[in-house]
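The values are calculated or read from the model by the stated rules, or taken from the named source; none is laboratory data. Predicted model only: the values in this text are computed from it and were never measured. Every residue, glycine among them, receives a Cβ derived from its backbone with ideal geometry; neighbour counts consider all protein chains shown. Ligands, DNA and RNA are stripped out before the accessible areas are found, and what is left, the full protein with its side chains, is counted by its heavy atoms. Shrake-Rupley method; radii C 1.70, N 1.55, O 1.52, S 1.80 Å.
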Amino acid sequence: MSVASDLALDIENLSAGYPNNVVLQDVSLQVKRGTLVAIIGPNGGGKSTLLKTAVGLLQPLSYTVLELLGQNPQTARRNIAYLPQQEEVDWTFPLTVLDVVLQGRLVRKGLWGRYNSQDFVLSREALDFFGLGEYERTQIEALSGGQRQRVFLARALVQEADLILLDEPATGLDAKAQHEMADLLAKLSKEGKTIVAATHDLNCLTECFDHVLALKGRVFAQGTPEEVLTEENMVELFARHFPKVGASGEVTLHEH
Amino acid sequence: MSIDLILEPFQYGFMVRAFVGTGLVAIVAAAVGTFVVLKGIAFMGDAIAHTSFTGIALALILGISVYVGALLFALLTALGVIFLTRVSKVNNDTALAILFTGVFALGIVLLAGTPGFSGDLNSLLLGSVMAIQTREILLMAALALLLAILFVVFFERFVLVSFDPVGAEAAGFPVVFVQSLLLTIVAATIVISIQAVGVVLVVALLITPAATAGLLTKRLKLLILLSSALGLFSSFCGLYVSYFFGAPPGATVVLVATLVFALALGVQKLRRV
C-alpha cells in the first residue's frame, strides 16, 4: 500500500478564504486514517474555512497538495461527511430522526434511485449504534443539541463516510453531552473513521484527540494534545482583541 | 334542496371544465406549496406570479404560446433570485419587490395599450376559469401530471436540499441542480394555476392549504397529502358557491381556502387551551 492512501488528509501549502480576504495561509496537514483531529483557534482563525475548503464548499486560493482519502477532493466527496454548524441546518423542517439518517443513503445514490429495505436496515442499525433507536419516529426538531449531533453522525455512518468533518460540534452542548460526544467520536475512530472537528472553545473534546491543529490565520502549532495545549500556547492563541475608545471617540483594536 | 339543484352546475360543460381544471392545479399547487411554506419563500412565489403575467402579456402580443412566455419569465425570476441570494448572501426583499412590481407594471401597460388585448387584462389578473376550453384543460392536465410526477420522483431530494444543503453539497450531492429543479416546479405550478385564480391570488393556492395542513400535522408526507386534499376541497367548494351566488370563481376559491385556514387555526388554539 502506498503511503498516500494511508493518509485521510494530505494538505500542503494551502491558502484559503476569499479572493479579497485571505483567511488562511500556508497550511500543511497530514492525517493518517483512523485519527481523531481537533482544529482549535480563535474565531476568525480559519477553522471553518479549512474544513469548507477541504470538502469543496470553498475554492482553495492556492496549494501544492490537496488530497482526501488518497483522491482529489471532487472524487473523495462521496466518502466524506460534513456536519455543518447548527445554524446552517433547517431544524424546523418536519422530518423524523429516521428520515434524516436515511439521507445518508440518498447522498450516495445521487440523483436517482429509491430507498430499499437495506437502506432502512442500515439506518436503524446506525441509530442503535448511537443509542437513538427509541427516537426513530421523533421529529428532529424535538431533539437536544447533543442528540441532533448523534443523528448526523448516524447519517455519516450510513453514508459509509470514511472521513467525517465536524464544524463546531460542541456548540450548545453541556459538559456531559460533550463527554458523550467525545466517547462516540473515539468509538468511530476505532472503526477506522477519520474524524476532524473544529472547535472554538477548549472543551473536554480536545483532550481526547490524537492530533491538535491550532490555527490563527496560519498554523500556530500542531502535534499531540500534550505538545500543543500548553499554557503558553493557549494564552497566545486565544489572546483577545479588546476594543479601545480613544480620546476623540475613535475605536481602535488593542491586542492584549 | 332537490338533487337536481345540487347537481345543476355539472350540467354545463364550462362548469365541469372549471371543476376539473381548478381541481387539478389546486392539488399540485398545494403539494408543491408545502415547500414554499416550509422554506418561507411565499414572497418569491408572489414575485414569480407577477413577472409571469408580463411573460403572458408579451406572448399574447407576439402571438406565441402563453405558457412559453409565462414559464420563461417565471424561470428567469426564480433563477435570478437564487443567483441573487447565493452571490450577495442577503435576502434582498427590497430589490426583489422593486424588480417584480416594475416588470408587472410594464406588462399591464403593454397589454392595456395594445388594441384588442385590453380585455385579457382582467381575466389574467383575476382568473378566467369559466372560459377555459377543452384543449386548454388537456394541456393543463398534462402539465399538472408531469409536475406531480417530478415532485414525487425527486421528493426525498427536495427534502434533503431544503433541510441540509451544506452537508449535502459537501458530500458531492448536486444541490444547486436539485434546488433549481424544485424552483422550476414551483414556477411552472404558478404558471398553470394563473388561469384558475389569476395572477393576484395565485400564491394563495400554493400557501394557504399548505399552511392550514401545517397547523394540523408535523408528519411531512401526511402534511402534503392533507394540503392537496384541502386544495381540492377549497377549489370544489369555491366554484360551487360561486356558481350559485354569481361570485368571481377564483376569488371565491381563495376565500374558502382562507376560511378553512381560519377554522384550523381556531381548532388548534382551542386544543391548546
Inset, instruction - Hey, could you check the stretch B:161-185 for residues that are touching a Gly at 6+ places or on another chain (Cβ under 9 Å) and surrounded by 24 or more Cβ atoms within 10 Å (Cβ to Cβ) and say which is nearest to B:SER123 (Cα to Cα)? - result: B:PHE173
Legend entry - One residue from A:SER28, A:SER48 being closer than 19 Å to A:GLU227 by Cβ and touching a residue at least 40 places away in the same chain (Cβ under 8 Å): A:SER28
Inset, instruction - Name the one entry in A:GLN139, A:GLN118 that is out of contact with any Gly (no Cβ under 7 Å at 6 or more places or on another chain), more than 10 Å from chain B (Cβ to nearest Cβ) and under 26 Å from B:PHE151 (Cβ atoms). - result: A:GLN118
Legend entry - Residue selected from the stretch A:100-115 under the condition within 18 Å of B:VAL152 (Cα to Cα) and small (Gly, Ala, Ser), by the criterion farthest from the other protein chains (Cβ to nearest Cβ): A:GLY113
Legend entry - Test set (1) surrounded by 15 or more Cβ atoms within 10 Å (Cβ to Cβ); (2) within 22 Å of B:ILE192 (Cα to Cα) - B:LEU84 fails condition number: (2)
Inset, instruction - Give the residues of the stretch A:8-22 that are closer than 23 Å to A:ILE195 by Cβ and over 17 Å from the mean Cα position of the chain (by Cα), sorted by residue number. - result: A:GLU12, A:LEU14
Inset, instruction - Sort out which residues of the stretch B:202-226 are of a type in the set (A, V, I, L, M), over 19 Å from B:ALA262 (Cα atoms) and open to solvent by 40 Å² or more (accessible area, probe 1.4 Å), and write them in order of number. - result: B:LEU222, B:LEU225
Inset, instruction - Report the residue count in the stretch A:159-197 for those that are of a type in the set (D, E, K, R) and more than 14 Å from chain B (Cβ to nearest Cβ). - result: 8
Inset, instruction - Name every residue in the stretch A:57-80 that is in a loop (DSSP other than H, G, I, E, B) and either open to solvent by less than 60 Å² (accessible area, probe 1.4 Å) or touching a residue at least 40 places away in the same chain (Cβ under 8 Å) (or both), in order of residue number. - result: A:LEU57, A:LEU58, A:PRO60, A:LEU61, A:TYR63, A:THR64, A:LEU69, A:GLY70
Legend entry - Selected residue (only one of B:GLY231, B:GLY246 is small (Gly, Ala, Ser) and open to solvent by 60 Å² or more (accessible area, probe 1.4 Å)): B:GLY246
Inset, instruction - Go through the stretch B:1-50 and count every residue that is open to solvent by 60 Å² or more (accessible area, probe 1.4 Å), in a loop (DSSP other than H, G, I, E, B) and among the hydrophobic types (A, V, I, L, M, F, W, C). - result: 1
Inset, instruction - Please work out if A:GLY131 is away from chain B (no Cβ under 13 Å), open to solvent by 40 Å² or more (accessible area, probe 1.4 Å) and of a type outside the set (S, T, N, Q). - result: yes
Legend entry - Hey, A:ARG137 buried (at least 19 other Cβ atoms within 10 Å of the Cβ) and basic (Lys, Arg) or not: no
Inset, instruction - Pick out the one residue from A:SER28, A:SER48 that is open to solvent by 10 Å² or more (accessible area, probe 1.4 Å), outside any strand (DSSP E or B) and over 18 Å from B:LEU160 (Cβ atoms). - result: A:SER48
Legend entry - Lone qualifier among A:LEU173, A:LEU111, A:LEU165, A:LEU153 - being outside any helix (DSSP H, G or I) and open to solvent by less than 10 Å² (accessible area, probe 1.4 Å): A:LEU165
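Per-residue answers, yes or no, for (1) of a type in the set (Gly, Ala, Ser); (2) in contact with a Pro (Cβ under 7 Å, 6 or more places away or on another chain):
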| site | (1), (2) |
| --- | --- |
| A:LEU7 | no, no |
| A:ALA16 | yes, yes |
| A:VAL31 | no, no |
| A:THR35 | no, no |
| A:ALA38 | yes, no |
| A:GLY41 | yes, no |
| A:SER48 | yes, no |
Legend entry - Only one of B:GLY127, B:GLY116 that is more than 14 Å from chain A (Cβ to nearest Cβ), at positive phi and open to solvent by 60 Å² or more (accessible area, probe 1.4 Å): B:GLY116
Inset, instruction - Check the stretch B:237-244 and report whether any residue there is more than 13 Å from every other protein chain (Cβ to nearest Cβ), modelled with pLDDT under 95 and out of contact with any helix residue (DSSP H, G or I) (no Cβ under 9 Å at 6 or more places or on another chain). - result: no
Legend entry - Single unsatisfied condition, B:VAL199 versus (1) of a type in the set (A, V, I, L, M, F, W, C); (2) crowded, with 22+ Cβ neighbours inside 10 Å; (3) farther than 17 Å from B:MET140 by Cβ; (4) touching a Gly at 6+ places or on another chain (Cβ under 9 Å): (3)
Legend entry - Residues (touching a strand residue (DSSP E or B) at 6+ places or on another chain (Cβ under 6 Å), aromatic (Phe, Trp, Tyr) and either within 28 Å of A:PHE129 (Cα to Cα) or within 8 Å of chain B (Cβ to nearest Cβ) (or both)) located in the stretch A:43-99: A:TYR82
Legend entry - Pairs where the first residue, in the stretch B:204-221, is within 12 Å of another protein chain (Cβ to nearest Cβ) and free of Cβ contacts under 8 Å to residues at least 40 places away in the same chain and the second is open to solvent by less than 30 Å² (accessible area, probe 1.4 Å) and of a type in the set (A, V, I, L, M, F, W, C), C-beta under 8 Å, 6+ apart: B:THR217/B:LEU223
Inset, instruction - Return yes or no: is B:ILE192 within 30 Å of B:THR54 (Cβ to Cβ) and surrounded by fewer than 24 Cβ atoms within 10 Å (Cβ to Cβ)? - result: no
